[in-house]
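The values are calculated or read from the model by the stated rules, or taken from the named source; none is laboratory data. Worth saying up front: this structure is predicted, and the values here are computed from it rather than measured. Cβ atoms come from the backbone with ideal geometry, glycine included; neighbour counts cover every protein chain shown. The area values use the complete protein model at the heavy-atom level, side chains included, leaving out ligands, DNA and RNA. Shrake-Rupley method; radii C 1.70, N 1.55, O 1.52, S 1.80 Å.
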Amino acid sequence: GQNIDQPTEMTATEGAIVQINCTYQTSGFNGLFWYQQHAGEAPTFLSYNVLDGLEEKGRFSSFLSRSKGYSYLLLKELQMKDSASYLCAVRDPTGGFKTIFGAGTRLFVKA
Amino acid sequence: GAGVSQSPSNKVTEKGKDVELRCDPISGHTALYWYRQSLGQGLEFLIYFQGNSAPDKSGLPSDRFSAERTGGSVSTLTIQRTQQEDSAVYLCASSSDFGQQETQYFGPGTRLLVL
């Protein structure tokens, strides 16, 4: 089967660091994406990992371990505008290259 | 336009009616996806078009749902005999090619409410 698990909600303080975990079980694997979605808006691309390791992009970093079926998104120096849902998605080439999305993690950043 | 556009932005319909949702992808993007997102939920894959290949319809929830893509550009998602459980936001996304980092660019969505 295909399954992507993320925590439902997280709360963190402005200026702090937060790590959002994602575990996946898919038939195949051809890359993992993180998207940010503000309430009432469409998702926007944050990061992409296809090889093991850490990808850093400004305040955001994403890590992947293919052997463990695990990824995390690390957000540093949190800002109030980072309050959003963060969607983990896996591209599965089995039977077609569709992208499977997790339910998302709602992050609340408090002052 | 510069981004993916969808119309209508909101649609209210009565149970049993048919609806058509439209997506205009970014010019030149060969891949087009339809997703459904219920309130507070993640994205549910519906259908995927890539160039001239046969679409991947594996996510369509029932035979009331169909989609087509004319001329490799605009796509229409049709829901026949709508049911209340069809109420959701329908998101369209496009991407430039079938490469490694196939970033999907999403449209603003169509909010469908079936009464």
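Overview of results
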item	result
Residue count, the range A:42-52 (criterion: open to solvent by 50 Å² or more (accessible area, probe 1.4 Å) and part of a strand (DSSP E or B))	2
Flag for A:R91 being within 14 Å of the chain's Cα centre (by Cα), open to solvent by 30 Å² or more (accessible area, probe 1.4 Å) and within 11 Å of another protein chain (Cβ to nearest Cβ)	no
Filter pass, A:T99 being exposed (fewer than 14 other Cβ atoms within 10 Å of the Cβ), in a strand (DSSP E or B) and touching a residue at least 60 places away in the same chain (Cβ under 8 Å)	no
One residue from B:S96, B:S62, B:S58 being farther than 14 Å from A:P43 by Cα, hydroxyl-bearing (S, T, Y), within 9 Å of chain A (Cβ to nearest Cβ) and open to solvent by 30 Å² or more (accessible area, probe 1.4 Å)	B:S58
Residue pairs meeting the criteria (Cβ under 7 Å; at least 6 apart or on separate chains; first in contact (Cβ under 8 Å) with a residue 60 or more places away in the chain and within 24 Å of A:K76 (Cβ to Cβ), in the range A:1-27; second open to solvent by 30 Å² or more (accessible area, probe 1.4 Å) and among the small types (G, A, S))	A:Q6/A:A103; A:E14/A:A111
When residues of the range A:10-41 are limited to those that are among the hydrophobic types (A, V, I, L, M, F, W, C) and open to solvent by 20 Å² or more (accessible area, probe 1.4 Å), the one nearest to A:A111 (Cα to Cα)	A:A16
Residue in the range B:26-55 that is modelled with the lowest pLDDT, counting only those that are open to solvent by 40 Å² or more (accessible area, probe 1.4 Å) and among the aliphatic types (A, V, I, L, M)	B:L39
Odd one out for A:E55, checked against (1) open to solvent by 60 Å² or more (accessible area, probe 1.4 Å); (2) under 22 Å from B:L43 (Cα atoms)	(2)
